[in-house]
Every structure is written in C-alpha cells, then in structure tokens.
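Enquirer: Got a structure for you, questions after.
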Amino acid sequence: MTKETEPPPAVPDAVAPMLAVDGRPPTGARWAYEWKWDGYRCCLRVAADGQTRLTSRNGNDLTPTYPELAQAGPGPLAGRSAVLDGEIVALGPGGGPDFGRLQRRHQRRHPGRALLAEVPVVFFAFDLLMLDGERLLDLPYRRRRAALEALPTDPSGRIAVPPSHPGAEADPEALLRVAEAHGLEGLMAKRLDSPYQPGRRSPRWVKTPLVRTIEVVVGGWQPGSGHRAGTVGSLLVGAFDEDGRLRYVGHVGSGFSEAVLADLDLRLAGLSRADSPFAERLPTARTRVARWVEPRLVGEVAFRAWTREGRLRQPSWRGARPDRDPAAARLPDRPY
C-alpha cells in the first residue's frame with residue numbers, strides 16, 4: 001500500500017475517567033495537590049494527523065460543542081498522538097471558573113461564531129494517559145505528570161496545564177484558601193505513586209470541595225406562579241440508594257435564570273409519566289400539583305447541609321449535567 005492510499009491515523013480510544021473520594025486533604029511528601037476546576041470533565045484525544053475528539057465523562061461526543069478545542073488539540077501535539085484527561089472550563093471576568101457561562105455553551109450542540117467569541121473555553125489538562133501509542137496508565141502519577149509538563153505550550157492558550165504542588169513543599173490548607181479567594185471549586189490531592197485507574201473511584205485521589213454539591217435526578221416538578229407562571233417553579237429531585245431505588249432528597253426552587261428555565265422546559269418535554277418515580281411517599285405540599293417525569297435528567301445542586309430527615313438544606317440549582325449517567329447519581333453512605 002502506497003502512502004497515498006494509507007488510511008489516516010486513528011484517533012485513540014477514550015479512557016474512562018478515574019474518580020476521587022471526598023475528604024479533607026491528606027498531608028505529606030507522598031502527595032501532590034491540584035486546584036479543582038468547576039467545569040465539565042473531558043477526555044481529549046488527538047491522532048498523529050491532528051484529528052481531535054472530545055469525550056465526556058459518560059462517553060458522549062463533545063467535539064461539535066467545543067470546536068475551538070478540537071482545533072487547538074493538534075497545536076502542542078503536532079505530529080503526535082495522545083490522550084489527555086482534563087476539564088473544560090469557561091472563565092469569568094475575574095479569571096476564575098464560571099459554571100453558569102459554561103452552561104450557556106453546553107446548551108448549544110453547534111455554537112455560532114457569536115457564542116464562541118462571547119464564551120470562550122479552556123481545556124485544563126491534568127493527566128497524560130497515552131502518548132505516541134504508548135499507554136501510560138500504569139505509570140505513577142509523578143511520571144505521567146512530568147510527561148504532561150514536558151509537552152510544548154499551546155500558543156493559542158486553549159489547552160493549558162494548571163500547576164501541581166508537591167506535598168513536600170505545599171500546605172494544602174493554604175492552597176484551599178487560595179482556591180476560595182479565586183472562586184475555584186476546591187482542591188484535589190493525588191498520591192505520587194498512583195497509577196491511573198479508569199472508571200474507578202480510588203482513595204489515591206482525594207477531593208476537598210469548598211462548596212457542597214450533589215448530582216441529583218429530576219423526578220418531577222411544580223409549576224411556577226407570578227413571573228414564572230407557565231414554566232418550572234421548583235424541581236423535585238432524588239438520588240439512588242444502594243438498592244437502586246430513587247430516594248427523594250428535596251425540592252429546588254432557586255438558581256434558575258430565564259435561560260436555564262427555557263432549557264429545563266426543553267429537557268423535561270417528553271419525559272412525562274403518570275406516577276411518582278420516587279421510592280417513598282412525598283409530602284402532600286409537593287405532590288398536590290406535581291408533574292412527574294421519567295428519572296433521566298441529571299443536574300447538579302449546591303446545598304448547605306443535610307437535614308436529619310435526609311433532605312438538602314438550602315439547595316440551589318447549578319445546572320443540568322447531560323454528561324452524567326442517571327444511575328451514577330447516588331446517595332452518600334452517611335449523608336446526615
């Protein structure tokens with residue numbers, strides 16, 4: 001076969017993301033710390049000829065949604081194939097992550113030039129999983145990180161490598177204070193000897209969020225009134241227990257802009273059902289005018305604490321998470 005008829009290099013396969021456990025940041029020289037960015041987890045894959053694909057945490061193709069990242073992918077990796085793990089982030093005016101702005105981008109499968117210019121995004125790469133056909137998953141984090149930092153800098157600035165702070169030199173509590181001051185989501189601690197474990201939630205990675213959040217599944221909604229008449233007033237949400245039952249954790253009535261309400265109307269259309277999908281009976285005040293839906297829509301909710309009854313205290317809607325599988329929205333082992 002001549003070079004003219006050889007097929008183009010294949011884009012590498014996606015790798016399921018390694019996940020962290022919750023906890024206070026561990027200390028010591030065996031750990032390294034990274035700031036936790038508030039965005040969409042993404043696997044960025046580049047072929048040797050520059051073809052680039054973006055894959056979400058649950059395997060969806062994000063390439064059309066973030067075309068500037070697909071174009072940027074070959075920049076620092078020209079002529080090489082690679083798989084990067086990272087986060088797609090939209091930055092606000094102050095330079096910190098702005099999840100609301102990112103939601104606007106994520107709602108458009110094929111964004112126009114105006115939206116691309118108004119809400120640019122950055123891919124923050126924090127792990128290198130494959131390079132030039134060599135899988136790096138079994139290498140310790142410190143070696144993968146060194147290989148990542150050795151890659152050329154992207155001149156477009158669309159792919160960036162945020163800092164990693166070795167535990168022998170850094171104070172995680174001080175890093176958390178920096179994260180809070182700059183509107184970051186929290187801190188990640190990673191064992192220096194940790195291999196990359198695809199699809200596994202491992203104690204070798206520990207996340208410490210500054211804002212408590214939970215992924216929930218929408219099981220129903222209540223119509224609004226006044227200026228919100230004709231649309232969603234509040235969402236009835238839950239999470240799955242260890243037996244696979246959808247347990248009610250509360251109703252969310254704040255955090256909705258007009259754009260978010262319009263998006264919810266679209267996402268809930270066609271999901272109607274006659275009865276409640278929740279395992280337990282809900283308070284009459286919630287069921288009297290409830291509209292039930294199939295539990296397929298996943299969202300992220302910020303909240304202050306758990307009540308003794310297992311409800312979210314002061315929940316606020318952060319946005320739909322189409323990159324999440326509903327079955328993965330699970331109750332914590334001991335939420336309250």
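Since every read-out is calculated from the coordinates, none of them should be taken as a lab result. From a predicted model like this one, the values you see are computed outputs, not experimental measurements. Using ideal geometry, Cβ is built from the backbone for each residue, glycine included, and neighbour counts are taken over all protein chains shown.
Enquirer: Relative to the longest principal Cα axis of the chain, at what angle does helix 172-181 sit, 0 to 90 degrees, rounded to 10?
Expert: Relative to the chain, helix 172-181 is tipped by roughly 70 degrees.
Enquirer: Taking the highest mean first, how do the peptides 274-281, 44-51 order by number of other beta carbon atoms within 10 angstrom per residue?
Expert: 44-51, 274-281
Enquirer: Sorted by packing (mean other beta-carbon atoms within 10 Å per residue), highest first, where do 82-94, 164-176 land?
Expert: The most tightly packed comes first, giving 82-94, 164-176.
Enquirer: Still on this structure, I have one more. What 222 nm value per residue comes from the helices of the chain, counting each DSSP H run with n ≥ 4 as -39,500 (n - 2.57) and dividing by all residues, nearest 500 deg cm²/dmol?
Expert: Value at 222 nm, helices only: -4000 deg cm²/dmol.
Enquirer: Let me ask you something else. Give me, ordered by chain and number, the residues 5 or more places off LEU192 or on other chains with an amide H under 5 Å from its own placed amide H.
Expert: Here TRP31, ALA32 satisfy the definition.
Enquirer: With the cut-off at 1.5 for a/c, could you classify segment 213-328 from its C-alpha gyration tensor as rounded, prolate or oblate?
Expert: Working: a/c = 1.27, a/b = 1.24, b/c = 1.02.
In terms of gyration-tensor shape, rounded.
Enquirer: Working from the alpha-carbon coordinates of segment 3-209, get Rg over Rh, Rh being the Kirkwood radius.
Expert: Using Cα coordinates only, the ratio equals 0.97.
Enquirer: Rounded to the nearest 10 degrees, what's the angle between the helix 258-268 long axis and the longest principal axis of the chain, both from Cα atoms, 0 to 90?
Expert: Compared with the principal axis, the helix lies near 80 degrees.
Enquirer: Sticking with this structure for a sec: Go through segment 309-323 residue by residue and turn each phi into a ³J(HN,Hα) via Karplus (6.51, -1.76, 1.60, θ = phi - 60°); whole Hz please, and just put x for glycine and proline.
Expert: With coefficients 6.51, -1.76 and 1.60, one gets 8, x, 10, 6, 8, 6, x, 9, 5, 9, x, 5, 10, x, 7 Hz.
Enquirer: Given the options ALA72, ALA229, ALA305, which has the most mean-square fluctuation in a GNM of the chain, springs set between C-alpha atoms less than 10 angstrom apart?
Expert: Maximum fluctuation in the GNM of the chain, among the listed residues, is at ALA229.
Enquirer: Could you check what % of the DSSP bridge pairs in the chain are antiparallel, to the nearest 5?
Expert: Roughly 90 percent of the DSSP beta bridges within the chain come out antiparallel.
Enquirer: Averaging sequence separations of C-alpha pairs under 8 Å and six or more residues apart, then dividing by the length of segment 213-328, give the relative contact order as a whole percent.
Expert: For segment 213-328, the relative contact order is 31 percent.
Enquirer: Say the dipole of segment 213-328 comes from +1 at the beta carbon of Lys and Arg and -1 at that of Asp and Glu; which of ALA262, GLY238, GLN314 then lies farthest toward its positive end?
Expert: GLN314
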